[in-house]
Structure formats: structure tokens, C-alpha cells
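So the structure is just underneath, and the comments pick up after that.
Laboratory data are not the source of any read-out in this text; all were calculated from the coordinates shown. Just so it is clear, the structure is predicted and the values come from calculations on it, not from any experiment. Cβ atoms come from the backbone with ideal geometry, glycine included; neighbour counts cover every protein chain shown.
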Amino acid sequence: MANLSGAQKLLQNKFARFLFSAGTGFLVDIIAFYILNEWIFTKNSYSILGHATGNHALSLSISFSLGVLVNFLITRYLVFSESRLPFAQQFLRFVLVAFIGYFANLEILKLFIKYLYFSPPVARITAALSLFLASFFIHKIFSFNISLRNHARTDH
């Protein structure tokens, strides 16, 4: 195993696999956000359960949920497969972290669109990237119950 190619080493690196997982979920999120924001929810505001909801927030809610689902499945089976927590517990923890991340994303998205005048797709990408690194460690420790002490041993 000492003569692993660069690609094989990359595939064995847990952070690289998490980057792939998060990147794939993010790609699903961004594509869905763009389609929803540009072609589906074309009015500025929608009434959801009697509450006025902006098209950016509505698009984000749906696209983010799709991205979280894809990200969870890949992360569970490809990144933190050694976790011994039951599937339901992993999923609930992952969704809880994502739920908090959703509101962080929403506030950052609003900031970028309303005050910095970013286009919605660019604002969405920038908001998500700003929260990525924290996500790796939160999911490793909380969602999948993997100790940081094992980081060096399990990160190869």
C-alpha cells in the first residue's frame, strides 16, 4: 500500500471524500436553486400557510433540502461509514445540523443579495462555501460520533 497513486491516496482521504460528498450535495442544491429561482418561483413573494415568503427563501428551502438528502447519503456510506450510530440517529443529527446551517445560509444569502447586491446564484454559492469547513467537523463529531482523536488514524 506504500505505492499508492495520487488518486488512490485522495480517495482514501476522509476530508477529500467529504469534499466530494458535500460538493455533490452542493451541486444538487445549486442546480435546484437556480431552476427554482429562475424558472419556477418567478414572483417576488408567495403565500405559504398565510405567510409571505420571498422567492429566494422558497427556492433555498427546497434546494437546500434536496442537497442535504444527497449529502447525507453519500457522507454516511462513503465518508463516515465506520460510524456505529443507527441510521435514524445519524439522519436526525445530520438534519439538525443542516437545519441550523439552513438559517445561517438564509441570513448570509439575504446579506449578499440585499446589501452587497450579489446575483442570487452567486450569493447562494458564496453563502454555502463560507460554512463548509465548520460542517466537516460538526458532522464528524456530532452527526456520526467520530472522535477527533481518531482523526489522524481515520483520515487516510
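So here's what we get for this one:
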{"read-out": "Positive dipole terminus of region 60-153, leading residue within PHE94, SER135, VAL79 (C-beta point charges)", "value": "VAL79"}
{"read-out": "For region 44-104: rounded, prolate or oblate by the Cα gyration tensor [a/c cutoff 1.5]", "value": "prolate"}
{"read-out": "Nearest-ten-degree value, helix 55-74 long axis tilted from longest Cα axis of the chain", "value": "20"}
{"read-out": "HN-Hα J in Hz across region 32-46 - Karplus 6.51, -1.76, 1.60, θ = phi - 60°, x for Gly and Pro", "value": "5, 4, 4, 4, 5, 5, 8, 10, 9, 9, 8, 7, 5, 9, 10"}
{"read-out": "Only Lys, Arg (+1) and Asp, Glu (-1) charged, at Cβ; region 1-84 dipole about Cα centre in debye", "value": "300"}
{"read-out": "When the convex hull of its Cα atoms is projected in every direction, mean area for the chain (nm²)", "value": "10.7"}
{"read-out": "Interchain or long-range residues, amide H under 5 Å from GLY54's placed H", "value": "TYR46"}
{"read-out": "Gyration tensor over alpha-carbon atoms, region 1-75, equivalent ellipsoid semi-axes in Å", "value": "38, 11, 6"}
{"read-out": "Helix 87-110 vs. the chain, principal-axis angle (Cα, 0 to 90°, nearest 10)", "value": "50"}
